[in-house]
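Asks: This is the structure I have questions about; it appears just below.
FYI, it's all coordinate maths here, none of it is from the lab. Here the structure is a predicted model, which means the values were calculated and not measured. Here the Cβ positions follow ideal geometry from the backbone for every residue, glycine too, while neighbour counts run over all protein chains shown.
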There are 2 protein chains.
Amino acid sequence: MTTEEYMQIAYNLAQKAADEDEIPVGAIIVNPETGEIIAQAYNQSAHHGDATSHAEILVIQRACEKLKTTRLWNCDMYVTLEPCTMCAAAISFARIKNLYFGASDPKGGAVVSGVRFFDSSTCHHRPLYHSGILADKCSQILKDFFQNKR
Amino acid sequence: MTTEEYMQIAYNLAQKAADEDEIPVGAIIVNPETGEIIAQAYNQSAHHGDATSHAEILVIQRACEKLKTTRLWNCDMYVTLEPCTMCAAAISFARIKNLYFGASDPKGGAVVSGVRFFDSSTCHHRPLYHSGILADKCSQILKDFFQNKR
C-alpha cells in the first residue's frame, strides 16, 4: 500500500469521529515490513470525557496492548492532523519510527509548529516525520466540523 | 492542609509505585476550596504496558471521570516530579489551575526545563506553577530506584 492509501484509512477513521460528534482526527499504526495495520483509533475526547483521549494516544495504547510492549520499534504512525505537544511526546516515548501526518496545525501542533518537540533537547527518540499527506482533505474535514459547530 | 502535606500524599503514592517496581512518581488532584482530594495516581507504565500511563495522565483521567467533565477548572495538581512534555500538555488541556511539583527534571521536564510548554505560543491555558515542594525526597526516591536497577 502507498502512503496515501494508509492515510486514507486514517481519514476514514476521522470521518467516523465526525459522525460521532468528535473532533475528526484519525490515526493508525502500521508495521511497514509486513504492511499489517496493528491498531486504529480516532479522537474520543467527548466520549471518554477527558482531554487525553486523542487518536494518537489511543492508537499507541492499543498497539502496545496488542504487541505486549511499551516500545513500538520499527512501527509507523499515520495521523490526519499534526500531533499536539502531548501526542508528539507520546509518539517519541513509544519509539515510533516514521510519523506521517496530513494537515499541519500551526495553533496546536508540535512537530513543525509550536515547540517542535522532535527537534528539542529533551526529546530522546526522534521519529522521522513526513507532512502534507492528503493534507487538503484532512484539513477540510476539520474545517467542516467546526463550521457546523457555529 | 499545607502544600507540603499534599505533596507528602503524592510522595506516598510514588513510594507505592516503587514497591510495585514502577518509576516512583505520584500525583494527586485537589479541590483547593474544599480541600478534597479528587483523584490519586502513580506511574503505571510497566503494569499497563504503555508509555502513556504516567501518574499525571492517569490522575487527570480519574478526576475527569469522577467529576464528569473534561475541564478541571479550579483544580490543583501535586506531582512529585516536574511533568514531561506529554504531561505538561495534558495538564494544560485539563485546565489545571495550580501545578505544584517536587523535583525538577532537566533531562525530561517541560515546565522549567526543555520546551517549557506553559511559556510557549501553542499553550492556550497556562497553569500557575510552583516548583521545589519536598524536592529533596521526591528526587531521592527516584535516585534510589534507578540505583537499585543497576
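Asks: Holding the Cα-Cα limit at 24 Å, pick out from A:Lys68/B:Lys66; A:Lys68/B:Lys149; A:Lys16/A:Lys143; B:Lys66/B:Lys137 the pairs that are longer than that. Kindly include the intermediate steps, with their values, before the conclusion.
Replies: Working: A:Lys68/B:Lys66 29 Å; A:Lys68/B:Lys149 22 Å; A:Lys16/A:Lys143 15 Å; B:Lys66/B:Lys137 30 Å.
The answer is A:Lys68/B:Lys66; B:Lys66/B:Lys137.
Asks: Moving to a separate point now. Let me check I've understood the local charge: for B:Asp105, count other residues with C-beta under 13 angstrom from its C-beta, Lys and Arg +1, Asp and Glu -1. What total comes out?
Replies: Values: positive: B:Lys107, B:Arg116, B:Lys143; negative: B:Glu56, B:Glu82.
Its environment carries a net charge of +1.
Asks: Next question. Which whole-number percent is the relative contact order of the stretch A:2-42 (Cα, under 8 Å, 6+ apart)? Before the final figure, lay out each step's value.
Replies: On the way: 58 pairs, mean separation 13.7, N = 41.
Answer for the stretch A:2-42 is 33 percent.
Asks: Which residue in chain B puts its Cβ closest to the axis that rotates chain B onto chain A, and at what distance in whole Å?
Replies: Closest Cβ on chain B to the axis mapping it onto A, in Å: B:Val115, 2.
Asks: I'd like the distance separating the alpha-carbon centroids of the stretch B:69-102 and the stretch B:36-56, in whole Å.
Replies: When both Cα centres are located, 13 Å separates them.
Asks: Distances from A:Ser121 to the same position in the other copies: list them in nm, one decimal, shortest first, using label points 7 Å from Cα along Cα→Cβ.
Replies: List, nearest first: 2.1 nm.
Asks: Give me B:Met7, B:Met86, A:Met1 sorted ascending by neighbouring Cβ count inside 10 Å, so fewest comes first.
Replies: Ordered by Cβ neighbours within 10 Å, fewest first: A:Met1, B:Met7, B:Met86.
Asks: Follow-up question, since we're still on this one. May I have the pair-distance distribution P(r) for the stretch B:1-68, computed from all Cα-Cα distances with 5 Å bins from 0 and rounded to whole percent?
Replies: 4, 19, 26, 24, 16, 8, 3, 0
Asks: Just to confirm the filter: which trypsin sites (Lys or Arg not before Pro) across the stretch B:1-69 are DSSP coil and have at most 11 other Cβ within 10 angstrom of their Cβ?
Replies: Details: sites: B:Lys16, B:Arg62, B:Lys66, B:Lys68; in loops: B:Lys68.
In loop regions of the stretch B:1-69 (DSSP not H, G, I, E or B), the sparsely surrounded trypsin sites (Lys or Arg not before Pro) are B:Lys68.
Asks: Assume the label is 7 Å from Cα along Cα to beta carbon: what separations in nm does A:Asn12 have to the matching positions in the other copies?
Replies: Result, one decimal in nm: 5.1.
Asks: Work out the charge dipole of chain B with +1 on the Cβ of Lys and Arg and -1 on the Cβ of Asp and Glu about the Cα centre, then indicate which of B:Leu99, B:Asn148, B:Ala46 is farthest towards its positive end.
Replies: B:Leu99
Asks: Work out which GluC sites (Glu not before Pro) in chain A are exposed loop sites (DSSP not H, G, I, E or B, at most 13 other Cβ within 10 Å) and give the longest gap free of them. Mind showing how you got there, number by number?
Replies: On the way: sites that count: A:Glu20, A:Glu33, A:Glu36.
It runs A:37-150.
Asks: Something else: Could you derive backbone 3J(HN,Hα) for the stretch B:3-20 from the dihedral phi with the Karplus parameters 6.51, -1.76 and 1.60 (θ = phi - 60°), listing whole Hz in sequence and x where the residue is Gly or Pro?
Replies: Taking θ as phi minus 60°, the curve returns 3, 5, 5, 5, 5, 4, 5, 5, 5, 4, 5, 4, 4, 5, 4, 4, 4, 9 Hz for the stretch B:3-20.
Asks: Please get the size of the charge dipole for the stretch A:39-150, origin at its Cα centre, with Cβ charges of +1 on Lys and Arg and -1 on Asp and Glu, quoted in debye to the nearest 20. Intermediate results must be reported in sequence, preceding the final value.
Replies: Numbers: 13 positive and 9 negative charges, 29 e Å.
Result for the stretch A:39-150 is approximately 140 debye, rounded to the nearest 20.
Asks: Moving to a separate point now. I need the shape label for the protein assembly as shown. Rule: rounded when a/c is under 1.5, else prolate if a/b > b/c, else oblate, with a, b, c from the alpha carbon gyration tensor.
Replies: Prolate is the answer for the protein assembly as shown, as a/c is 1.5 or above and a/b outweighs b/c.
Asks: How big is the convex hull of the Cα atoms of the stretch A:108-150, per residue, in Å³? Before the final figure, lay out the partial values.
Replies: Working: hull volume 3.7 nm³, N = 43.
Value for the stretch A:108-150: 86 Å³ per residue.
Asks: Now, a different point. What fraction, in whole percent, of alpha-carbon pairs in the stretch A:28-150 exceed 23 Å separation? Numbers along the way, then the final one.
Replies: Working: 2025 of 7503 pairs.
In whole percent, the long-distance tail amounts to 27.
Asks: Given the -39500 (n - 2.57) contribution per DSSP H run of 4+ residues, what per-residue ellipticity at 222 nm results for chain B, rounded to the nearest 500 deg cm²/dmol? Let's see the in-between values first.
Replies: Details: 5 runs with 58 residues, N = 150.
One gets -12000 deg cm²/dmol as the mean residue ellipticity at 222 nm.
Asks: State, to one decimal in nm and shortest first, how far the label point of A:Gln147 sits from each corresponding label point in the other identical copies (label point: 7 angstrom along Cα-to-Cβ).
Replies: 6.2
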